[in-house]
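Novice: The structure that follows is given in the form of structure tokens.
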Amino acid sequence: MNGRARKVRSFVLRGGRLTAGQQRALERGWPRFGVEFDARRPLDLHALFGDDQPVWMEIGFGNGESLATMAAAHPERNWLGVEVHLPGVGRLLRRIEELGLENVRLLRHDAVEVLEAMIPPGALAGLLLLFPDPWPKKRHHKRRIVQPGFVELAASRLRPGALFHAATDWEPYAEWILERFEARPDLFENLAGAGKYAERPETRPLTKFEARGRRLGHPVHDLLFRRLPRRPEGAEG
Ligand SMILES: C[S@@+](CC[C@H](N)C(=O)[O-])C[C@H]1O[C@@H](n2cnc3c(N)ncnc32)[C@H](O)[C@@H]1O
């Protein structure tokens, strides 16, 4: 070790072969819809999407089915999907092609680093974290993407009034997310009321992992937090 702490990541890169269709979609679609990670260059989101629509980002879109569905249902929003698993990126590019979507861009990189380096402060209208890896073992809890630093990072990239939406079928992780977001009442308001989970928003499509959780009989919890406006220095309450 050279003295620098090794970074704890919220994922382990799985292998997985690309299907021929995913490979073709990557070759055709990546130049148009893919964004290369560049730690030195924050994104100009207006230039990237070619308009001023509000930008929603999904962390860990998996196979991209819910992102494709949401992007088709909300053409008045722009969608930035971030995922590390290459076959998932290939699959979403295929869906983008099939559905003729114009309002989606993809990054294949650690979403925490994307938020840190490429998303300008206050740039996002929404941030989605659907069925994040739950890391159930105690010694792996440090790998959970939601940590106090993540709550601050999310707050800094969301504009006032913007939404953070998480869903999970792992109840201890739902409690963990609730605790960490509610620990920052200066940054976020729980839209369901303190200590409560939200109703499943109709706008959230059923994901592959949610379907699996249902089969296993896991209850699904949605969490909806609104980014609060910054209070003036010294304001009470
Ligand atoms: C349990 S899966 C859920 C996928 C999808 N959201 C769904 O509900 O079907 C979690 C996904 O998050 C991705 N992931 C985990 N940490 C990530 C990170 N820091 N940046 C980007 N993707 C990440 C994983 O590769 C995986 O595909």
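Any read-out appearing in this document is the output of simple, stated calculations on the displayed coordinates, not a laboratory observation. A quick note: this is a predicted structure, and the numbers were derived from the prediction, not measured. Methodologically, a virtual Cβ is constructed for each residue, glycine included, from the backbone with ideal geometry; neighbour enumeration extends over all protein chains shown.
Novice: Can you find, within region 5-47, the residue that is surrounded by the most Cβ atoms within 10 Å (Cβ to Cβ) among those that are of a type in the set (Gly, Ala, Ser) and farther than 18 Å from VAL84 by Cβ?
Specialist: My answer is GLY21.
Novice: Hey, can you tell me all the residues within region 19-36 that are touching a strand residue (DSSP E or B) at 6+ places or on another chain (Cβ under 6 Å) and either over 17 Å from ASN63 (Cβ atoms) or charged (D, E, K, R) (or both)?
Specialist: VAL35
Novice: If you scan region 53-71, which residues turn out to be in contact with a helix residue (DSSP H, G or I) (Cβ under 6 Å, 6 or more places away or on another chain) and away from the ligand (no atom under 11 Å from the Cβ)?
Specialist: Within region 53-71, VAL55, ALA68 meet the criteria.
Novice: Restricting the first residue to region 48-59 and requiring it to be at negative phi, which pairs with a second residue that is small (Gly, Ala, Ser) meet a Cβ separation below 7 Å and a spacing of at least six or different chains?
Specialist: Pairs that qualify, where the first residue is at negative phi and the partner is small (Gly, Ala, Ser), are PRO54/ALA125; VAL55/ALA123; VAL55/ALA125; TRP56/ALA125; TRP56/GLY126; GLU58/GLY81; ILE59/ALA111.
Novice: Continuing with the same structure: If you take the residues in region 176-213 that are within 16 Å of the ligand (Cβ to nearest atom) and aromatic (Phe, Trp, Tyr), which one is nearest to the chain's Cα centre (by Cα)?
Specialist: PHE209
Novice: Can you spot a residue in region 8-21 that is touching a residue at least 12 places away in the same chain (Cβ under 8 Å), away from the ligand (no atom under 16 Å from the Cβ) and not aromatic (Phe, Trp, Tyr)?
Specialist: yes
Novice: Right, here's the next one. I'd like to check which helices (runs of 4 or more DSSP H) are fully inside region 72-158 and have at least 3 residues that are more than 12 Å from the ligand (Cβ to nearest atom) and not β-branched (Val, Ile, Thr). Lay out the reasoning, then the answer.
Specialist: Numbers: elements: 86-99, 111-118, 148-157.
The qualifying helices (runs of 4 or more DSSP H) are 86-99, 148-157.
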